[in-house]
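Data first, discussion second: the structure below is written as structure tokens.
The values are calculated or read from the model by the stated rules, or taken from the named source; none is laboratory data. Here the structure is a predicted model, which means the values were calculated and not measured. Cβ placement follows ideal geometry from the backbone for every residue including glycine, while neighbour counts extend to all protein chains displayed. These area figures cover heavy atoms from the full protein model, side chains too; ligands, DNA and RNA do not enter into them. Shrake-Rupley method; radii C 1.70, N 1.55, O 1.52, S 1.80 Å.
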Amino acid sequence: MAKKLIGVDLGGTTIKFAILTENGEIQQKWSLRTNILDDGSHIVSDIINSINHHLDLYKMSRDQFIGIGMGTPGTIDREKGTVIGAYNLNWKTTQNVKEEIEQGTGMQFALDNDANVAALGERWKGAGNEGDDVAFITLGTGVGGGLISNGKLIHGVVGAGGEVGHMIVKPDGYLCTCGNHGCLEQYASATGIVHIAQDKAEEYEGNSRLKAMIDNGDEITAKIVFDLAKENDYLANTVVDEVCFYLGLATANLSNALNPEYLVIGGGVSAAGEFLLKRVKQNFEKFAFPTVRTSTQLKLAELGNDAGVIGAASLARQFVNAD
């Protein structure tokens, strides 16, 4: 009988789980609130208990599974299966995730960075069309990425490969949480877009609903900025133009270095759809090397919230021939 995979997508607010076929089709999925209290000490046991509970619920046995894969924030040692520095999980010290989950579930376990895992998901079942060379940028609260070359994730020497959010797009620009100035994350993330909008509103003197909302102290989100831009709000459109300029520059630089078949843009901000993609493409074409311009295709992500669990499950496929 064909064996199954378990994918776990560990985030700061939610832990998503899925049971998938070996071909990546989701059969069951569920989620839990992430309990980050007590230095995140409940997280691993919550994951173990939830997996065991659902296997009992679905009357499934351990030997029906190839293994478990998980995407997590933080700095990962893939060999040891440890995570450190995942501050949104309150994990300040080294967590022995692999050892604990293998002991607690009786299954083999693999993990990687959450953005890398989402890239694997999009490559396997989404916009990447199982291409050997796929770059993925995710635009959320921050900007993450995953780079796949010759069918393999680029991890770099200490696992920092694919930190596309920290490409400098504006020298001496906004201060980033990493300590540098002008990182892409500060211009193309949901929080960065609001920052640009607030700065532009201070200088703008014309009529604009966006300006009125900011001046009034209303809460502004990236979605509101894009929605107003679609309604031809002048100030909102100047914000979107600036965001797409930096994104176009970053995607061109990335593509000039790697020449992927597909460069996929995902994350919450990508919900702006073709309105975003069209403007990013215009800037990409301006900055891309001629042969890259015609061979690398920019696409929107297709899997939404499922990219993480699908990509995580794909990590467990390495165990198929390992036994």
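The portion of the accessible surface of segment 15-60 made up by carbon and sulfur, rounded to a whole percent, is 48 (1.4 Å probe; DNA, RNA and ligands excluded). Need one word for segment 1-138: rounded, prolate or oblate. Basis is the Cα gyration tensor (sqrt eigenvalues a ≥ b ≥ c); a/c below 1.5 gives rounded, then a/b vs b/c decides. In terms of gyration-tensor shape, oblate.
3J(HN,Hα) along segment 38-44, derived from phi through the Karplus expression 6.51 cos²θ - 1.76 cosθ + 1.60 where θ = phi - 60°, amounts to 6, 6, x, 6, 8, 4, 5 Hz, with x in place of Gly and Pro. Tally Lys and Arg at +1 and Asp and Glu at -1 over the other residues with C-beta under 15 Å from the C-beta of Ser61: what net charge comes out? With Lys, Arg at +1 and Asp, Glu at -1, the neighbours total +2.
Between Ala271 and Gln318, the contour length at 0.36 nm per residue exceeds the alpha carbon distance by 13.7 nm. A cut-off under 15 angstrom between Cβ atoms defines the neighbours of Asn90, and their net charge, with Lys, Arg +1 and Asp, Glu -1, is -1. Placing +1 on each Lys and Arg Cβ and -1 on each Asp and Glu Cβ, with no other charges, gives the chain a dipole about its Cα centre of roughly 620 debye. For segment 204-323, the carbon plus sulfur part of the accessible surface works out to 46%, probe radius 1.4 Å. 3J(HN,Hα) along segment 15-22: 10, 9, 10, 8, 9, 10, 6, 5 Hz, from the Karplus curve 6.51 cos²θ - 1.76 cosθ + 1.60 with θ = phi - 60°, whole Hz, x for Gly and Pro.
Once the other residues with Cβ under 14 Å from the Cβ of Gln27 are scored (Lys, Arg +1; Asp, Glu -1), what is the net sum?
Charge balance near Gln27 sits at +2.
Based on Cα contacts under 8 Å between residues 6+ apart, the chain shows a relative contact order of 21 percent.
Taking the Cα centre of segment 284-323 as origin and assigning +1 to Lys and Arg Cβ atoms and -1 to Asp and Glu Cβ atoms, the resulting dipole is close to 240 debye. Accessible area per residue for the chain is 47 Å², calculated with a 1.4 Å probe on protein heavy atoms, without ligands, DNA or RNA. Charged side chains reduced to their Cβ positions (Lys and Arg at +1, Asp and Glu at -1) give segment 117-173 a dipole of some 80 debye around its Cα centre.
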